[in-house]
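Undergrad: What follows is a single structure, and I will ask about it in a moment.
The values are calculated or read from the model by the stated rules, or taken from the named source; none is laboratory data. It should be emphasised that the depicted structure is a prediction, and the values quoted were computed from it without experimental measurement. Cβ placement follows ideal geometry from the backbone for every residue including glycine, while neighbour counts extend to all protein chains displayed.
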Amino acid sequence: MMGSLQGKVVLVTGGGRRVGAAICRELAARSAAVVVHYRHSEAEALALCRELKNGVLAVRGDLSQPAQREWVFREAMEWLGRVDVLVNNAALFARDDEADPAQLAAVNVAAPLDLAARIAAQPGGGCVIHLLDSWAARPEAAAFGEYAATKRELAGSIARLAQQWVPHTRVNGVAPGPVLVPERTEAAGTVPLQQRPTPEHVAHAVAFLAENTAVTGQIVYVDGGQHLLAAAHDGRQRP
Ligand SMILES: NC(=O)c1ccc[n+]([C@@H]2O[C@H](COP(=O)([O-])OP(=O)(O)OC[C@H]3O[C@@H](n4cnc5c(N)ncnc54)[C@H](OP(=O)(O)O)[C@@H]3O)[C@@H](O)[C@H]2O)c1
């Protein structure tokens, strides 16, 4: 049976702007109570809360810090008594020559896994959706190798945790392609469908996974078909 988001509490990390804000809007439009987590984007997060009006809470925290992760989750939890859906959207995106590997691992892997474990540990479990990256395995990602590796590691945890946490907690992922350019122009690559995905396309996939209580252990690519190019590339490499 399809699960309505009416009355469900959803925590969206990095929800104040860009893709995260589109996810908050989509889930709020489906009647979820939304916790908008942010770190630096306070003005955007508070403006989004005013826009969404009822059933919205903004919570600040640096997710690279374990104590602040705990604080963010506790604040979200204490608002309406539980967190039904966690959307791990916050991420650090940086070239290898600019990135701090420890910070990348903390924000892109440790934080989402820590928050996911808190969902699974609450009575009745819940639903976890990780934002991944479709081009994490593609040649275009070469200059972003450390970032790509963190997204692959997170993707690699999905099937394992989905199996471990049945029947109470579902774990899925959404892997966007180049949604917001020019920030990612260098990594955009070719889009087979000749249409770049939008934040709204990504948000729609998140909503589908949040609502469809029969789906776990899945990754939905919202990338205009780019993962198919990765498969073709891999195929050419085989002897
Ligand atoms: N944009 C794309 O084209 C694209 C493509 C493929 C995959 N993705 C994935 O989709 C998701 C959303 O993409 P996006 O481009 O909208 O993301 P983004 O702007 O790069 O980052 C989203 C938010 O993450 C938060 N964040 C970063 N470090 C943090 C920390 N230490 N503690 C707490 N929050 C932190 C920031 O919040 P504050 O601003 O409040 O500090 C930031 O606004 C990400 O997971 C990304 O990897 C995006």
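Undergrad: Can you find, within the range 101-137, the residue that is farthest from residue 76 (Cα to Cα) among those that are within 11 Å of the ligand (Cβ to nearest atom) and assigned to a loop (DSSP other than H, G, I, E, B)?
TA: 133
Undergrad: Test residue 186 against the stated conditions and say whether it is modelled with pLDDT under 95 and over 11 Å from residue 129 (Cβ atoms).
TA: Judged against the criteria, residue 186 is a match.
Undergrad: Follow-up. Suppose we filter the range 52-100 for residues that are modelled with pLDDT of 95 or more, more than 16 Å from the ligand (Cβ to nearest atom) and either of a type in the set (S, T, N, Q) or assigned to a helix (DSSP H, G or I) (or both); how many remain?
TA: 5
Undergrad: Go through (1) hydroxyl-bearing (Ser, Thr, Tyr); (2) over 16 Å from the mean Cα position of the chain (by Cα); (3) surrounded by 16 or more Cβ atoms within 10 Å (Cβ to Cβ) and name the single condition residue 38 misses.
TA: Every listed condition holds for residue 38 apart from (2).
Undergrad: Could you please tell me which pairs satisfy a Cβ distance under 8 Å, a separation of 6+ or placement on different chains, a first residue in the range 88-106 that is under 30 Å from residue 27 (Cβ atoms) and touching a residue at least 60 places away in the same chain (Cβ under 8 Å), and a second residue that is more than 12 Å from the ligand (Cβ to nearest atom) and not in a loop (DSSP other than H, G, I, E, B)?
TA: 88/116; 88/128
Undergrad: Can we say residue 27 is crowded, with 23+ Cβ neighbours inside 10 Å and either more than 21 Å from residue 146 (Cβ to Cβ) or not acidic (Asp, Glu) (or both)?
TA: yes
Undergrad: Restrict the check to the range 17-31 and report whether at least one residue is part of a strand (DSSP E or B), farther than 16 Å from residue 176 by Cβ and touching a helix residue (DSSP H, G or I) at 6+ places or on another chain (Cβ under 6 Å).
TA: Checking the range 17-31: not a single residue is part of a strand (DSSP E or B), farther than 16 Å from residue 176 by Cβ and touching a helix residue (DSSP H, G or I) at 6+ places or on another chain (Cβ under 6 Å).
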